[in-house]
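A short worksheet on the structure shown next.
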Amino acid sequence: MPAECERPELRIVPEGCYPSWDAVYDDNVTWVYRLLYARLGSRADAEDLTSEVFLAALRPLRLSASVAEVRSYLRTTARTVLAAHWRATMGREITVIEDDIAAAERESDSGTSTAPQRVAEVLAQLPPQYRRVLELRFLQGCSVRESANDMGVSVANAKVLQHRALRLAAQINEGGSR
C-alpha cells in the first residue's frame, strides 16, 4: 500500500451518504486493508484482496446507501473475498472476520502482526517434507517445479505434498487457535 494511503485525512460525509465512489473508497480502504492484513499477515496479499473487495462491491453497491450500510456491505464482501482466497490457497473456507476493526488497526499500526508467529508455530508441528514444501512455496516464493527440484521429488509429488501440507496446517491452526 503506498505511503500516501496509510494515513488518509478524515473528512465529513454529508447527510450520511457518500457523495462519490472516490469518497467511498477513500473513507474505507484503510480499514478494509488493515482487516485483511490482520488475517493474512502479508502486505501483498492484503493489497490484492483489498482491490478485489472494492471491485466486487462496485457494481451491486448503491451510492445512495448510508455510510453504515456501505461499511457493512464492504465487511461482508471482505469476508467473501477472504473465504475465496483461503479456499483457493488452502482448500478450506475460513470466514471468521471479527467486527473489532480497532484491534486490526492497532495490529497494523504497530507493525507487529501475530501471523508470522502463528505460521512458525504451525510449521514447527508439520512433518519435515510438509514443512519444507510450504517454506519453499510460500515463504521463499519458489514455483512448484523449483520446489520439486529442491526437494528431489517429481512436480506431481510436490503438488500432492503441498496440498496435504496445507490441509494439515489448517487443521493444526484450527486446533491451536480454539
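Remarks
- Fraction of the pair-distance distribution of segment 21-90 above 20 Å, Cα-Cα pairs, percent: 22 percent
- Among 56-64, 154-162, the order from most to least packed when residues are scored by Cβ within 10 Å on average: 154-162, 56-64
- Point-charge dipole on Cβ atoms (K/R +1, D/E -1) for segment 21-90, about Cα centre, debye to 20: 300 debye
- For Glu146, the solvent-accessible surface computed with a 1.4 Å probe is close to 100 Å², ligands and nucleic acids excluded.
- Rounded to the nearest whole Hz, the Karplus-based 3J(HN,Hα) values (6.51 cos²θ - 1.76 cosθ + 1.60, θ = phi - 60°) of segment 51-60 follow the sequence 4, 4, 4, 5, 5, 5, 7, 4, 5, x, with x at glycine and proline.
The values are calculated or read from the model by the stated rules, or taken from the named source; none is laboratory data. The shown structure was predicted, so the numbers you read here are calculated from the model rather than taken from an experiment. Positions of Cβ are generated from backbone atoms using ideal geometry, with glycine treated the same way; all protein chains shown enter the neighbour counts. The protein model used for the area step is the full one, side chains on, heavy atoms only, and it has no ligands, DNA or RNA in it. Shrake-Rupley method; radii C 1.70, N 1.55, O 1.52, S 1.80 Å.
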